[in-house]
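First the structure, in the form of structure tokens, and then the observations on it.
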Amino acid sequence: MRAVMTVTGKDKKGIIAKVSAFLQEKNANIEDISQTVLGEYFAMIMLVDLSEATEELAALAKECSEMGKKIGMAVYMQHEDIFNAMHNV
């Protein structure tokens, strides 16, 4: 199963390192990543393979949000199908 993860907030050092370390700890694999800095704001979206993850998506999504709060970012994870359905008009 794949999920889409978004990370947004004020830019600071170490965001990608912290997020990727979190995913590695959960045995999730980053398949694709795009990030940009818009002025002082950081935005990143990742396609993550959860087929070998140590936890279910719901638990990971909750932990992502909590990790985001700790690093001062908004972090969301959702199933790829839900993300696609939300952005299909």
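Of all residues in the stretch 56-73, count the ones that are outside any helix (DSSP H, G or I), under 14 Å from Thr8 (Cβ atoms) and either acidic (Asp, Glu) or open to solvent by 30 Å² or more (accessible area, probe 1.4 Å) (or both).
1
Across the stretch 36-55, what is the total count of residues that are surrounded by fewer than 14 Cβ atoms within 10 Å (Cβ to Cβ), on the phi < 0 side of the Ramachandran plot and of a type outside the set (Ser, Thr, Tyr)?
Of the residues in that region, 4 qualify.
Taking only pairs six or more apart or across chains, which ones have beta-carbon atoms under 9 Å, a first residue in the stretch 18-38 that is over 15 Å from Ala59 (Cα atoms), and a second residue that is polar (S, T, N, Q)?
Asn29/Ser51; Ile30/Ser20; Ile30/Gln24; Ile33/Ser20
Go through the residues of the stretch 8-15 one by one and say whether even a single one is in a helix (DSSP H, G or I) and open to solvent by less than 70 Å² (accessible area, probe 1.4 Å).
The answer is yes, given that some residue of the stretch 8-15 is in a helix (DSSP H, G or I) and open to solvent by less than 70 Å² (accessible area, probe 1.4 Å).
The values are calculated or read from the model by the stated rules, or taken from the named source; none is laboratory data. Since the structure is predicted, the reported quantities are computational estimates derived from the model, not experimental observations. For neighbour counting, all protein chains shown are included, and Cβ atoms are generated from backbone atoms with ideal geometry for every residue, glycine included. All accessible areas refer to the heavy atoms of the entire protein, side chains included, with ligands and DNA or RNA removed. Shrake-Rupley method; radii C 1.70, N 1.55, O 1.52, S 1.80 Å.
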